[in-house]
Amino acid sequence: MIISASRRTDIPAFYSDWFINRLNAGYCLVKNPFNPTQIKRVSLLPQDVDGIVLWTKNTALLLPKISALDPFSYYFQYSITPYHTDIETGLANKQDVIIPAFLELASKIGAERMIWRYDPIVINNRYTYEYHIGAFTRLCELLKGSTKKCVISFVLAYKSVAKSLREVGSIELDVAEKLLLVESLSEIAKSHEITLCACCELPGLYELGIQPISCVDAILLSKIAQKTLCVPRDKNQRDGCNCAVSVDIGAYNSCINGCQYCYANHVEARVRANYTEHDSNAEML
């Protein structure tokens with residue numbers, strides 16, 4: 001069993017105490033987001049967990065407790081994007097907190113377990129093609145040696161975020177424009193010894209040599225664990241997704257990063273209430 005922590009919220013940034021408490025307890029409870037009356041007990045015992053994928057934008061609070069993960073095979077999907085508070089309203093300062101935490105974590109666990117996500121790519125009058133080229137170059141310079149892979153994707157106007165994206169003036173690029181931008185990003189990444197990857201993107205991107213990636217990657221976890229994990233592909237993900245089956249232990253409407261492109265939050269008042277009422281000693285997030 002692979003644990004996803006979490007596609008639904010930023011556990012390392014906001015719920016690290018709860019997460020460590022649950023690892024120590026050896027289990028957690030997870031509510032079915034589509035049927036709240038269904039609650040499942042999930043084992044977090046090392047012998048039952050093949051690996052953990054941690055999704056985050058900030059590991060500063062988790063870093064002092066990272067040794068609690070020593071019994072497990074794990075890696076991070078760590079997002080560092082080029083946006084300001086107009087698009088990411090609740091993030092800590094990137095230069096002072098987020099990037100230093102990335103670099104410190106990489107020094108502790110190794111670059112191979114640090115998947116950098118420059119994701120999603122939003123284009124508007126402020127965040128132009130030229131802006132992304134400059135911002136991506138600077139981030140590559142900072143993260144060189146601390147990551148081996150960078151994942152990109154273009155923002156998707158899910159129903160839950162369509163209004164927010166309109167408000168920030170998001171512009172949909174045509175295929176040729178996307179390919180031109182990605183080709184430039186790929187060359188920049190390569191010059192900094194970083195492999196550019198993409199998830200569920202245009203076939204033309206892969207024809208440029210961009211590597212497809214499994215965000216929940218049983219092959220990477222097998223390499224970390226030094227044993228072969230036989231985990232099937234997750235058929236419940238969108239078309240083109242190669243992720244292995246995992247159990248997500250997070251909860252929607254609980255992340256206060258405030259990203260305007262996020263599909264996991266639907267009602268701002270509920271998000272704030274859930275965060276305020278959170279109990280780090282509870283069995284369920």
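The table below lists the values:
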item	result
15 Å beta-carbon shell around D70, net charge (K/R +1, D/E -1)	+3
Spherically averaged projected area of the chain from its Cα convex hull (nm²)	14.3
For segment 260-277 versus segment 1-16, the gap between their alpha-carbon centres in whole angstrom	15
Shape category assigned to segment 110-150 from the gyration tensor of Cα positions, a/c cut at 1.5	oblate
Fraction of accessible area attributable to carbon and sulfur, the chain (%, probe 1.4 Å)	50
Eligible lysines near K227 by straight Cα distance, threshold 23 Å, same-chain separation 8 or greater	K108, K148, K149
Among C230, C259, C150: highest mean-square fluctuation, GNM of the chain, C-alpha pairs under 10 Å	C230
Sites V97 and L156, calculated FRET efficiency, Cβ-Cβ separation with R0 25 Å, nearest 0.05	0.35
Surface per residue (accessible, 1.4 Å probe) for segment 36-94, Å²	42
Prolate/oblate/rounded label for segment 1-136 (Cα gyration tensor, a/c 1.5)	prolate
C-alpha center-to-center spacing [segment 56-95, segment 153-220] in angstrom	20
Environment charge at L179 (Cβ cut-off 11 Å; Lys +1, Arg +1, Asp -1, Glu -1)	-4
Most to least packed among 38-49, 121-132 [average Cβ atoms within 10 Å]	121-132, 38-49
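The values are calculated or read from the model by the stated rules, or taken from the named source; none is laboratory data. Since the model is a prediction, treat every value here as computed from it, not as a measurement. Because the Cβ atoms are built from the backbone with ideal geometry, glycine has one as well, and the counts that use them run over all protein chains shown. These area figures cover heavy atoms from the full protein model, side chains too; ligands, DNA and RNA do not enter into them. Shrake-Rupley method; radii C 1.70, N 1.55, O 1.52, S 1.80 Å.
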